[in-house]
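These notes concern the structure reproduced below.
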């Protein structure tokens, strides 16, 4: 257990250090990326004025879009610098909190985890998905996305856990508390990165 905790701290610290040091350049590269198609797909599964948690909000781009459309949005991120910049972007406080510290229960209609929980290893991803399940209301919706592939490890200064359809289906089979509403691949929307592929998921909670 102590070894696992040490490894978790190491990869989490590496990733958070990266975002704290590179927060401004990261926000510049993502804040205005055209992501409305994915946002609208997620929102189509939610009731009007739904409560949304932006889990790992990064630059605040998606929280800003949801707030402008009248949704009740909370945002959190593990990087202090990203929280500071995202707070300025969306005009409200962003909570500094790691994924592993999510404690809410039956609170949100939807959780948006765009390119965020991909920074967890498989054991911690499974544990965080259970926390996400508890935080969602019955029939709540999770959107999440992963770089497409089999890679797991440190890349470009951050820990990544890439995903395929088969790998995700095995994870969901172990969890037994989400059903797939939609799973699809897409290209990166950032300029010059269209060859990079992503696996997107819309999952619904299985609880009464």
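Any read-out appearing in this document is the output of simple, stated calculations on the displayed coordinates, not a laboratory observation. These numbers come from a predicted model, not from an experiment. Here the Cβ is made from the backbone with ideal geometry for all residues, glycine too, and neighbour counts use every protein chain on show.
Odds and ends about this structure:
- Remark: C-alpha extents of region 143-208 on the principal axes read 44, 23, 17 Å, sorted largest to smallest.
- Share antiparallel - DSSP beta bridges, the chain, percent rounded to 5: 55
- 5 Å-binned pair-distance histogram of region 54-208 (Cα, whole percent): 2, 9, 17, 23, 22, 17, 9, 2, 0
- Sites residue 206 and residue 156 - FRET efficiency at Förster radius 41 Å, r taken between beta-carbons, to 0.05: 0.70
- Residue exposure proxy: 198, 184, 112, ordered by other Cβ atoms within 10 angstrom of their Cβ from fewest to most, comes out as 184, 198, 112.
- Among 34, 75, 113: highest mean-square fluctuation, GNM of the chain, C-alpha pairs under 10 Å: 34
- If you run the Gaussian network model on the chain, springs between alpha carbon atoms under 10 Å, then out of 173, 95, 130 the most flexible one is 173.
- Based on Cα atoms of region 28-74, Rg over Rh with Rh as the Kirkwood radius reads 0.94.
- Pairwise FRET efficiency - residue 68 versus residue 126, Cβ, R0 = 25 Å, nearest 0.05: 0.15
- Sorted fewest first by neighbouring Cβ atoms within 10 angstrom, 109, 188 come out as 188, 109.
- The GNM of the chain, with springs linking C-alpha atoms under 10 angstrom apart, assigns the highest mean-square fluctuation among 88, 103, 24 to 103.
- Converting the Cα gyration tensor eigenvalues of region 1-140 into ellipsoid dimensions via √(5λ) gives semi-axes, longest first, of 24, 20, 12 Å.
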